[in-house]
Each structure stands twice: as C-alpha cells, then as structure tokens.
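Trainee: Provided herewith is a single structure, encoded as structure tokens, for subsequent inquiry.
The values are calculated or read from the model by the stated rules, or taken from the named source; none is laboratory data. Values in this document were obtained by computation on a predicted structure and should not be read as measured data. Here Cβ is always computed from backbone atoms with ideal geometry, including for glycine, and neighbour counts include all displayed protein chains. Only protein heavy atoms, including side chains, enter the accessible area calculation; ligands, DNA and RNA are left aside. Shrake-Rupley method; radii C 1.70, N 1.55, O 1.52, S 1.80 Å.
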Amino acid sequence: MLNFSPGALVISLDLELYWGMRDVISLENYRENLEGVYRAVPEILNLFNTYNIHATWATVGFLYAQNSSELKQKLPAQLPGYHQTELNPYNYLNELEAEDNHLHFAPDLIDLIKQYPGQEIGTHTFSHYYCLEPGQTQGEFAVDLAAAISMAQQADLETKSIVFPRNQYNQAYLATLKECGIVCYRGNETSSIYNSKKGDGDCPRKRILRLIDAYLNFSGHNCTTWADVAGEYPLNIPSSRFLRPHNPKLRVLDNIRLRRITSGLEYAANKREIYHLWWHPHNFGVNLQENLRFLELILQQYQRLNKDHQMQSLNMREVAELSLENN
C-alpha cells in the first residue's frame, strides 16, 4: 500500500515529427504543423518551467540523428515486416531531401528539453513502430526498441518510459519492455471507444464519440488509482485525456472543452488519483498562441489544486518510481 499517494497530473508528449504520419498525410499538407514544432517546444517548456510542470517527452529514436546518413549507420539488423509496406519508414530513407532534415531529425530539440528541470525523455520506439500491424513480430519490436535505447544512451539519456505509437499497445510485448529495462508505459483509457486497433484510424462512429467525449463526460474522467498503477510490472500509467488542438470552427465550445479537462483534474486531486494528459508538439504547430493560452489555463487550475490539495506534477518515470518505492 502506498504510504504517499497524492493526486497527480502526468503529462506526456509524443515527439515524432513526420515519421508518425508520412503514410497518412503528405509532407506539404502538414508542413506548417511540423515547422511549428520548433516554435512550440520552447514555448511549452517555458510554460512548464513557470508552473513547475514535470513531463515525459516520448521521442522517436530516428530524431536523435543529424541526418539520414547518420541514421543509416544506426539501423537495426531486423526491420519491421509490415504487410502494408507504406507503413515502413525505412522505405523512404533514400528519398529525404536535405532541406527537410529539420522535419525528420531534431537532436537540437532533444538537447533543449534536457536543459529543463523535471523533463523526462522517454521513447516512442526507434522507427515509430506499430505493434499491432500484421506482418511485424515481437522479435522485430525488440531490436527496434534496443536501437531506440542505444540512440538515447549516446545522448547520455536513460530510457525508462515508453509510449506506443498510435497507442497500439500490445500486451504480449510487455515482456520485451522488462528485458530492456523500461519500467512504465502509457496505456489507453478503459472505455471501448479508445481501444487500440491496427490501421491508421478507427471507424467514423468511434471518431465521433471521441470528439463528443472531448467536450461532454461520455467516458468518465479516466483517472487512475495508484493501486491500479502498481498492479503489474512494467507499470501501466493510462491516458486520461488527449489535449485536442485549437479548432477555430469550434472556438465557441472552448470553455466546455476546458471544463472537461479541469473537472477531471479536480476529481483526481480530491480522490488522490492520477490524471494523465497527452498530445503531440505538432498539434501546437499552428494556432500556437491559442493552444498555449488554453494549456496555461489548465496549468493554472493545476496550480490551484497543488496549493489547495497538494496535487503533484510528475512525469511517467517519477510515477513509476514513487509507486515502486511504496510497494
């Protein structure tokens, strides 16, 4: 039983640049979002520093390289054997244009994140690996993860947390996490509308229900008890809410969207549970100021709950360490 079980705000960000979407959207159609990552990350870090926010940045291993030439020297011996070959990012390495290196590689952003207190750099696998897609195997996943950990080690980073790309959480692969020394992962919300599936998306019905759930309490607050986190190893720190980016067409509903999140924070603080908020930095790549203002309103609510209820801001590794120390 935990001797100390505070209400906790956990934030994780999936840092992937174009590797996470090249099979579903063209580079030119998403260039503004990707260019905006280089403005968004410093601004997000400054907000985190102002409000003393700890966060996990789940980073694709490819991003540590300076360019495709360096990346090719680091490739694992086994590559994923997806039946859908367009999912395999290795097929595109020879097509990368030098002027677009910053849309595929980001060692400077990783170095910047390292400079801020409370920021953990976890892994988003080496190649943005899809654990539920037909054709790939657990052995291929294992060498991919080992390559990601090796890239982090070369940057003097220890890898203890993972976020599965596209939230394709595979129960069978948890043994591989143990073997690689990873102590925790971000699981999915318990509601069936958030079940991870193979493919690049879900049915329209699920998407509509998720959109409704971003504004109205359809699936609950999706908070997690400390006892549930400590249930088995590696530890599952499930998502509570995806922070949707600003949508000018839905601006009039922003107060409702904000209340959906802050009410979950209040619930977690009062029940001494965990609220896990996540998004991608490229979600802030356009409408940056609107997204930052919305985030700051969330962090201001956290600040009040920290003062009134001793709610804590913890990254994923800190949640795992606190849970393991107290059990």
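Trainee: Can you tell me which residue among D200, D144, D111 is open to solvent by 30 Å² or more (accessible area, probe 1.4 Å), under 19 Å from the mean Cα position of the chain (by Cα) and at pLDDT 95 or above?
Mentor: Of D200, D144, D111, the one residue that is open to solvent by 30 Å² or more (accessible area, probe 1.4 Å), under 19 Å from the mean Cα position of the chain (by Cα) and at pLDDT 95 or above is D111.
Trainee: Does V252 qualify as being farther than 20 Å from Q312 by Cα and either β-branched (V, I, T) or modelled with pLDDT under 95 (or both)?
Mentor: yes
Trainee: Please work out which residue is farthest from S240 (Cα to Cα), limiting yourself to the range 160-183 and to residues that are of a type in the set (A, V, I, L, M, F, W, C) and touching a Gly at 6+ places or on another chain (Cβ under 9 Å). Explain how you work it out, then say what you get.
Mentor: Pass one, the range 160-183, residues of a type in the set (A, V, I, L, M, F, W, C): 162-164, 172, 174-175, 177, 180, 182-183.
After this cut, where a residue has to be touching a Gly at 6+ places or on another chain (Cβ under 9 Å) as well, the list is 162-164, 182.
Numbers: I162: 16, V163: 14, F164: 15, I182: 21 Å.
Only one residue fits best here, namely I182.
Trainee: What are the residue pairs meeting all of these: first residue in the range 51-67, first residue without any contact (Cβ under 8 Å) to a residue 40 or more places away in the chain, second residue open to solvent by 10 Å² or more (accessible area, probe 1.4 Å) and not in a strand (DSSP E or B), Cβ atoms under 9 Å, and 6 or more apart or on different chains?
Mentor: Within 9 Å, the pairs are N67/L96; N67/A98; N67/N101.
Trainee: Right, next: Could you look through the range 228-262, keep only residues that are closer than 20 Å to Y169 by Cα and among the hydroxyl-bearing types (S, T, Y), and pick out the one that is surrounded by the fewest Cβ atoms within 10 Å (Cβ to Cβ)?
Mentor: This residue is Y233.
Trainee: Looking at L295, L265, L277 in this structure, which one is crowded, with 18+ Cβ neighbours inside 10 Å, in contact with a strand residue (DSSP E or B) (Cβ under 6 Å, 6 or more places away or on another chain) and assigned to a helix (DSSP H, G or I)?
Mentor: Numbers: L295 fails: in contact with a strand residue (DSSP E or B) (Cβ under 6 Å, 6 or more places away or on another chain); L277 fails: assigned to a helix (DSSP H, G or I).
Testing whether each residue is crowded, with 18+ Cβ neighbours inside 10 Å, in contact with a strand residue (DSSP E or B) (Cβ under 6 Å, 6 or more places away or on another chain) and assigned to a helix (DSSP H, G or I) leaves just L265.
Trainee: Turning to a different aspect of this structure: Scan (1) polar (S, T, N, Q); (2) modelled with pLDDT under 95; (3) surrounded by 15 or more Cβ atoms within 10 Å (Cβ to Cβ) for the single condition N326 breaks and write down its number.
Mentor: N326 satisfies all of (1) polar (S, T, N, Q); (2) modelled with pLDDT under 95; (3) surrounded by 15 or more Cβ atoms within 10 Å (Cβ to Cβ) except (3).
Trainee: Pairs please, first residue from the range 234-248 and under 16 Å from T56 (Cα atoms), second anywhere and modelled with pLDDT under 95 and hydrophobic (A, V, I, L, M, F, W, C), Cβ atoms under 6 Å, 6+ apart in sequence or on different chains.
Mentor: none
Trainee: Can I ask one more? If we scan the range 315-322, do we find a residue that is open to solvent by 10 Å² or more (accessible area, probe 1.4 Å), over 18 Å from the mean Cα position of the chain (by Cα) and of a type in the set (D, E)?
Mentor: yes
Trainee: Now a separate question. I need the full set of residues from the range 35-77 which are modelled with pLDDT of 95 or more, aliphatic (A, V, I, L, M) and either more than 19 Å from the chain's Cα centre (by Cα) or part of a helix (DSSP H, G or I) (or both), in order please.
Mentor: Correct list: V37, A40, V41, I44, L45, L47, L63, A65, L71, L75.
Trainee: Could you give every pair whose Cβ atoms fall below 7 Å, whose first residue belongs to the range 19-47 and is under 15 Å from E290 (Cα atoms), and whose second residue is of a type in the set (D, E), counting only separations of at least 6 or pairs across chains?
Mentor: Once the first residue is under 15 Å from E290 (Cα atoms) and sits in the range 19-47, its partners that are of a type in the set (D, E) give L47/E296.
Trainee: Next question. Scan the range 114-135 for residues that are among the polar types (S, T, N, Q) and buried (at least 23 other Cβ atoms within 10 Å of the Cβ) and jot them down.
Mentor: T123, T125, S127
Trainee: For residues that are open to solvent by 50 Å² or more (accessible area, probe 1.4 Å) and either among the charged types (D, E, K, R) or in contact with a Pro (Cβ under 8 Å, 6 or more places away or on another chain) (or both), tally how many sit in the range 56-77.
Mentor: Pass one, the range 56-77, residues open to solvent by 50 Å² or more (accessible area, probe 1.4 Å): 66-67, 69-70, 72-75, 77.
Next cut, either among the charged types (D, E, K, R) or in contact with a Pro (Cβ under 8 Å, 6 or more places away or on another chain) (or both) only: 66, 70, 72, 74.
Residues in the range 56-77 being open to solvent by 50 Å² or more (accessible area, probe 1.4 Å) and either among the charged types (D, E, K, R) or in contact with a Pro (Cβ under 8 Å, 6 or more places away or on another chain) (or both): 4 in total.
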